[in-house]
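Working notes, beginning with the structure itself.
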Amino acid sequence: MSRFHRIVTHGILIIVCILMLTPIYWVLKTSVTGDNLFVYPPSIIPDDPNLFFYVEAWYTVDFVRLFFNSFAIATLVVIANLFLNAMAGYALTKQFPAKGLVLTFLLMSMMIPFHATIIPAYLLTADLGLLNSKLGIALPTLSHIVCILLFKSNFEAVPNSLIQAARIDGLSEWRILTRIMMPLSKPAVATNIILSFIWSWNDFLWPLIVVRSQEQQTLPLGLVSFLASFEDTTGSLYAFCVLVVVPSMLVFLLAQKDFIRGLTSGATKG
Amino acid sequence: MATVEFRKLVKRYGTHQVVHGIDLAINDGEFLVLVGPSGCGKSTSLRMLAGLEDISGGEILIGDKVVNEVEPRNRDIAMVFQDYALYPHMSVYENMAFSLHYRDTPKQEIRTRVMEAAEILGLQDLLDRRPKQLSGGQRQRVAMGRAIVRKPQVFLFDEPLSNLDAKLRGSMRLEIKKLHRKLGVTTVYVTHDQIEAMTLADRVVVMNSGNIDQVGTPEDVYHSPQTIFVAGFIGSPTMNLLPAKRNGSATIVVGEKSDFHVQLPAKSASNTDAFVFGIRPEDIAIASGDPEDGRVHVDGVVDVVEALGPDTLVFADVGGHQVTARVRPDVKPDIGQPVRLSLDVSRAHFFESESGKVVS
């Protein structure tokens, strides 16, 4: 690549980065200044930044409870997703009767929007007596088909001889999965953790339907309550948003390298 | 250590049968090599012995016990794979100790066994490394170490040297041979490389299309091949095989254009008329003077000459058939020139064309 092309490419990438980061910067800036978004001329540099709005957001709603609820549910979802998806993905690497049918069924299920399944999901959850509980909130997201297929493709890339060696070494199928397949599929594990955590953390519609009491509310529901509490909430609202987003960003940053490898693994191996 | 026995062993994939009811008895402490071309069923037979493939018919015995339904982990075997199958996320030590952890072996015992194996294989300095930090030969040694620590009844090797370069293959061959002599464990080794088969084996099993063509010592299969397939497969360069037909009760005429007459073996009871005449390249020389007793001269034209160093291979066209002679290194006939070859027919082999079996 010539020097000119490199400069042009980097220039375009810098512009795209600025466009992508501007809203995030704006949220951060507003959360420490409380400035209205619609002022002219817009102020780029924060004037007298302070943490007042964070304190206000923290105390206006019971942030610790909301955070704990969201975190407990997300943890449950992540653990369940890891094991259920890995087990299903491993099973799908084996040959069994009607395997094609099962895969077709799974792919077809992915095409059904979640909103279309809300009523049966609600009735099922109610029948199980799990309405207004953390398990009830987590239930529909305990496994994601896209993550099952991700595990399947990663497991298929593990040489068959390793599985056979493990079998001769005395490992059961469960131990082959946990001691051989999963450690060798770190990208898939990271992708599962990130996706299931973020999906659970940001989930709004399903918790809104199954949660009846304030004690079980999650952060997205708390955000709505927060909006309803004040008239002018610009600074506090943005501070609240930052507090909500930080955990999922941390999870993403921690597993970012493996996450990207996980998403691109199908492009380079079988 | 234990004996191993195949009784009418069959393997089918759907309707396609790849192993056709083979019988084989492997002695206690023996080094047995299954050799044959790709797709002959040798690896499948080994994998059935390991428990990695279901058995479609027949029985496999390890010791006195039928193991058809026994899980691989309970067969008391250890296997070395073609691609080594080392766990990439574990160190050399962990790789070698891994199986013992799942067999309730005390930690001290595990350490002792791993250190013993590491010493035998010269791996002491590599125990903390990961497989990707090792060379091909080192990985191969770790794979063997992993098998040794188990102290199994039977070692299984599935083409373990095929990923190594020629030089390393030679030295690893030697190490495997020494290891077997030291441990004395019953070993079944699969390869398509006849040199490995000949140098390592106590007995060689030559497989062809899911059947056993011949079982014998390396000398047996080389000097007394029982079928045309074995004659053509064992030896490099391969045995010269020429068509022949009966000419009287005790002689055959070999070739179609540059014919020569050869006596059939005295005890031959064959009634067939079509034969295949086989002679090893080392039993052919460049003729000088009149033929001696037991030799036949035949004329040809030199096609190719390959100087190998210790000897020279002369490829000649004899009546439309290529004949290879292994001659002294100083003999270098000119390409395209006529050559008179001297065949030691007392060392020739005769096979029935139709059945492919040796004339006896």
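Key figures
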| item | result |
| --- | --- |
| Inter-centroid distance (Cα atoms) of the range B:27-72 relative to the range A:159-231, Å | 43 |
| Relative contact order %, chain A, counting alpha carbon pairs below 8 Å whose residues are six or more apart | 32 |
| GluC sites (Glu not before Pro) within the range B:302-360: DSSP coil, no more than 15 neighbouring Cβ in 10 Å | B:Glu354 |
| Solvent-accessible area per residue, Å², over the range B:4-232 with all protein chains present [probe radius 1.4 Å] | 42 |
| Mean separation of Cα contacts under 8 Å (6+ apart) over length of the range B:237-352, as relative contact order % | 30 |
| Rounded to 10°, Cα long-axis angle of helix B:136-149 versus longest principal axis of chain B | 60 |
| Positive dipole terminus of chain B, leading residue within B:Ile195, B:Ala78, B:Met207 (C-beta point charges) | B:Ala78 |
| Cβ-placed point charges (K, R +1; D, E -1), dipole of the range B:4-232 about Cα centre in debye, nearest 20 | 600 |
| Lysine pairs meeting the criterion (Cα under 27 Å, 8 or more apart or interchain), as found in the range B:211-360 | 6 |
| Alpha-carbon centroid distance for the pair the range B:307-348 / the range B:182-236, whole angstrom | 26 |
| Listed residues A:Tyr238, B:Tyr87 arranged by accessible area, highest first, probe 1.4 Å | A:Tyr238, B:Tyr87 |
| More than 32 Å apart - percent of Cα-Cα pairs taken over chain B | 44 |
| Value of relative contact order over the range B:4-232, rounded to a whole percent, pairs C-alpha under 8 Å and six or more apart | 29 |
| Loss of accessible area when A meets B, both sides summed, Å² nearest 100, probe 1.4 Å | 1700 |
| Hull shadow area, averaged, the protein assembly as shown [alpha-carbon convex hull, nm²] | 44.5 |
| Dipole in debye (nearest 20) - the protein assembly as shown, about Cα centre, beta carbon charges: Lys, Arg +1; Asp, Glu -1 | 800 |
| Solvent-accessible heavy-atom area per residue, rounded to whole Å², over the range A:1-50 at 1.4 Å | 83 |
| Beta bridges per DSSP with both ends in chain B, % antiparallel, nearest 5 | 80 |
| Kirkwood-Stokes translational diffusion coefficient of the range B:237-352, alpha-carbon pairs, 10 °C, 1.306 mPa s, µm²/s | 110 |
| Modelled FRET efficiency - R0 60 Å, B:Asp344 with B:Thr15, Cβ distances, 0.05 increments | 0.80 |
| Unit charges at the beta carbon, dipole of chain A: most positive-side option, A:Leu142, A:Asn85, A:Ile15 | A:Asn85 |
| For peptides A:162-170, B:319-327, sequence by mean Cβ density within 10 Å, most packed first | A:162-170, B:319-327 |
| Residue-averaged beta-carbon neighbours from other chains (10 angstrom radius) around A:169-179 | 4 |
| Ratio of the Cα radius of gyration of the range B:152-230 to 2.2 N^0.38 Å, where N counts its residues | 1.13 |
| Potential extension, B:Val66-B:Lys182 segment - 0.36 nm per residue separation minus Cα distance | 39.0 nm |
| Shielding by partners, peptide A:156-162 (average Cβ within 10 angstrom, other chains) | 4 |
| 20 Å Cα-Cα reach of A:Lys186 towards aspartates and glutamates, excluding residues that sit fewer than 8 places from it in its own chain | A:Glu156, A:Glu173, A:Asp258, B:Glu94 |
| Tilt relative to chain B, helix B:107-121 - C-alpha long axis, 0 to 90 degrees, to 10 | 30 |
| Tilt relative to chain A, helix A:186-202 - C-alpha long axis, 0 to 90 degrees, to 10 | 40 |
| Accessible-area composition of the range A:16-159, carbon plus sulfur, in percent [1.4 Å probe] | 77 |
| Computed magnitude of the charge dipole of chain A (debye, nearest 20; Cβ of K, R +1, Cβ of D, E -1) | 1400 |
| For residues of B:46-52, the mean tally of beta carbons on other chains within 10 Å | 2 |
| Reachable lysines from B:Lys151, criterion Cα separation under 28 angstrom, eight or more residues apart if same chain | B:Lys42, B:Lys65, B:Lys107, B:Lys132, B:Lys177, B:Lys178, B:Lys182 |
| All Cα pairs of the range A:61-268, percent lying beyond 31 Å | 29 |
| Convex hull per residue volume in Å³, alpha carbons only, for the range A:1-69 | 148 |
| Positive-end residue of A:Phe114, A:Leu162, A:Ala98, charge dipole of the range A:61-268 with Cβ unit charges | A:Leu162 |
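The values are calculated or read from the model by the stated rules, or taken from the named source; none is laboratory data. Being a predicted model, the structure only gives us computed values, none of them experimental. Neighbour counts run over all protein chains shown; Cβ positions are idealised from the backbone, glycine included. Only protein heavy atoms, including side chains, enter the accessible area calculation; ligands, DNA and RNA are left aside. Shrake-Rupley method; radii C 1.70, N 1.55, O 1.52, S 1.80 Å.
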